[in-house]
Every structure is written in structure tokens, then in C-alpha cells.
Amino acid sequence: MGLFTWWARVRGARTRVLTEDALKHMHACEWRSAQATTASLSGALRLSPRKVVRLCQRMQEQGWIEVAGSGLRLTATGQRVALQVIRAHRLWERYLVDEARVRLRDVHAIADRLEHKRSHERLQAMDVALGFPTTDPHGDPIPTAEGRIERTEADSVPLPEWPVGRPAVVVHLEDEPKSVFSQIAALGLRPGQRVRIIEADEHRIVFADDQTEHVLSPVVAANVFVAPAETPEPTETIEVLSSLKLGDQAIVHGLDAALHGYTRRRLLDLGVTSGASITAEYAGFFGDPIAFRVRGALIALRREQADHVLVRTNGDGGSVEHAHG
């Protein structure tokens, strides 16, 4: 390969990445009911205004964007291309968290690179292997292969706006700015997690999940979006399976919404499904793994797996009546 050919390929790849990043930025603006501009693109892509104008001219020539008043908007074709990039990005994030065990705060940057090296066949295979996830690890919807995307946080509000004492479920974690998201990720928060605010003032938000109490400043907590949590029956409590003491029986309420991939499929195959009766039988020498009886079979789960199984108990460690399996 000659030097000129090599340089042309590198330059073409660079242009493609910038174009796809621009389409993704414009889609994000429209998703928020805002309008993208050459100035917003300049900031998002870290390009000079002159280079942004040239990039926009190329995208107009390809029929991907059009001028709308003082701003820019995607055409139907541009929307389809943007959703392909977003689908690749969010599927990669889901894979990196669920299967590769990459820390949540690191997956966005990695997926930003991988989204540009995609094929339809590879994405389809990944989608199947992950169990057709509908959201990424931040709670954002994953576009379908057909290019459909649905809003999932219509009734959500930032955590500081949520009433003290009212049960809520985390539905979205905003991943920008990175410094703020790092603080959220460090707490281990994830979409699908049930939380309750204990106290709140202008200096701090104190809230708890099923096991731990957390403290965030209102500025950071504003990047955690919550929605109403399903309320259990008055005599019942929703807990995680790992909290059962040996001999306790409960009813499977469901699997944590944040659980995807191989682990989710394995639990379902083992019969850990909504409505099943489950009993903590015995634990390993160091308390891990734990053996549970479900649907007549004895299964062993690590605590980190049992943390993703939500169960209904009567609140005092006893059995839930009308258990069935």
C-alpha cells in the first residue's frame, strides 16, 4: 500500500468517525427537544467552526442533515444512520458491563471507539447473546435493529426532586460530565435499583437502597433519575435474595432490571422466575455460594448473583403465605 493510499484511508476513517459523532450529537439534541447548531457541534466534536461548516456541507450533500431556522436537524436518512451508531454504542456498553465486567464509569469511552467498527451481523449476534436487552447500563433505550427507539423515563425526575420517604426506582444515570458520573458510579448505583430518600437539604441528599446508605450533593444527585417504584402488598417487603437467612422462604418477585446476558438467562433456565417459591437451604464454608431450593431443585448461587434476584417476604424473615413453585 502506497503512502498516499494509506493516508487517504486514515483520513476517510477519521471523517467517518466525525460524521457519525455529529449525527449522534444531533440526535441527542433532538431527543432533548433542543436544536443542534454549528456552535454546539464545534463544542461536542472539539473542532474549529470552519471545519464544522465543511463537515456539515458533506452531511448535507449526503442527505443526512438539513438547515432548520438558525440550527440543524436530521433528515429521515440521517436519523436512521444516527440510530445505527447509537444501537452499536449501547449494545457494546451492555456487553462490556454484563459480560466483560468493565467498570461502569469506563464503558462509555470504550464504546465510543467500538461503535464505529460495526457490522449488522455482529450486532445481531451480540443482541441475541445478551438476551435482547432494551436498555444500556445507564438506563438509555437501545434502538432495535429496525431503527425504533422508545422513551423509558417519561415519568422520571432528578433524585433531588423526589419526595423524602417515598420508594423510587433508578431509571437513568446521566453519564456527563465524567467527573460527576464517576461519583455516581463509585456508589454502585444502577438502573432498576430501589431507593428511598432519608433526608434532603441544600447541601446533601441522603438515600438508601436495600442494603446501603449513600450521600450525594444535590448537584451530583441531579444526574440520577428516578420513577415511582412498584409498591408491594402491605404485609410484604421486597428484598434481595442474598438477604435471606438459612431456612427463610420467599416468593420470587423478579430479576433486577440491570441484570442481562448469560447470568439472566441462566437464572431463568434454573426456574428463578416470578411467583416461584424459593428457600435458602445452606451456605458454603465462607458463606458463599448459597444453596437455594426452587421448583424442587437445589441450585447454588454466588452472593453477587443472588443480589440481582428480588423476592417478597413478610418482612420478619418468615415464609410468605401461598408460596408456590
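Some observations on this one:
- Length-normalised contact order of the chain in % [C-alpha pairs under 8 Å, at least 6 apart]: 12 percent
- What the pair-distance distribution of segment 44-199 shows, using all Cα-Cα distances binned every 10 Å from zero, is 9, 31, 32, 21, 6, 0 percent.
- P(r) weight above 19 Å for segment 36-107, C-alpha pairs, percent: 50 percent
- For the pair ARG295 and THR144, a Förster radius of 25 Å applied to the C-beta separation gives a FRET efficiency near 0.15, rounded to the nearest 0.05.
- For segment 72-166, applying the loop criterion from DSSP together with a ceiling of 12 other beta carbons within 10 Å to the trypsin sites (Lys or Arg not before Pro) yields ARG101, ARG103, LYS117, ARG148, ARG151.
- Average projected area [Cα convex hull, segment 70-141], square nanometres: 5.8 nm²
- Cα centroid of segment 138-183 to Cα centroid of segment 278-297, whole Å: 34 Å
- Counting all C-alpha pairs of segment 3-74, share separated by more than 14 Å (%): 60 percent
- Here the dipole of the chain is about 1960 debye; that uses its Cα centre as origin and unit charges on the Cβ of Lys and Arg (positive) and Asp and Glu (negative).
- Cα-Cα P(r), segment 140-199, percent of pairs per 10 Å interval: 19, 45, 29, 7, 1
- Computing FRET efficiency as 1/(1 + (r/R0)^6) for ARG113 and ALA28, where r is the C-beta to C-beta distance and R0 is 25 Å, gives about 0.90.
- A simple charge model with +1 on the Cβ of Lys and Arg, -1 on the Cβ of Asp and Glu and nothing else charged puts the dipole of segment 19-142 at about 400 debye relative to its Cα centre.
- Site pair LYS51 and ARG105 shows an inter-label distance of 2.9 nm when each label is modelled 7 Å from Cα along Cα→Cβ.
- Over all pairs of different C-alpha atoms, the chain has a mean inverse distance whose reciprocal, the Kirkwood radius, equals 22.1 Å.
- Mean projection of the Cα convex hull over all viewing directions, computed for segment 173-234: 4.6 nm².
- Spin-label pair THR38/GLU199, simplified geometry with 7 Å Cα→Cβ offset, distance in nm: 5.4 nm
- Extents of segment 237-313, largest first, come to 29, 24, 22 Å (Cα atoms, principal axes, whole angstrom).
- Efficiency of FRET from Cβ geometry, THR15 and GLU121, R₀ 35 Å, rounded to 0.05: 0.90
- Segment 148-233: GluC sites (Glu not before Pro) in DSSP coil with no more than 15 other Cβ atoms inside 10 Å: GLU150, GLU202, GLU230
- Segment 134-272 - Kirkwood radius from inverse mean 1/r over Cα pairs (Å): 16.5 Å
- Each part reduced to its alpha carbon centroid, segment 251-268 and segment 202-223 end up 26 Å apart.
No value in this document is a laboratory result; all are computed from the given coordinates. Everything numeric in this text was worked out from a predicted model, so none of it was measured. Note that we place each Cβ from the backbone using ideal geometry, even for glycine, and neighbour counts take in every protein chain shown.
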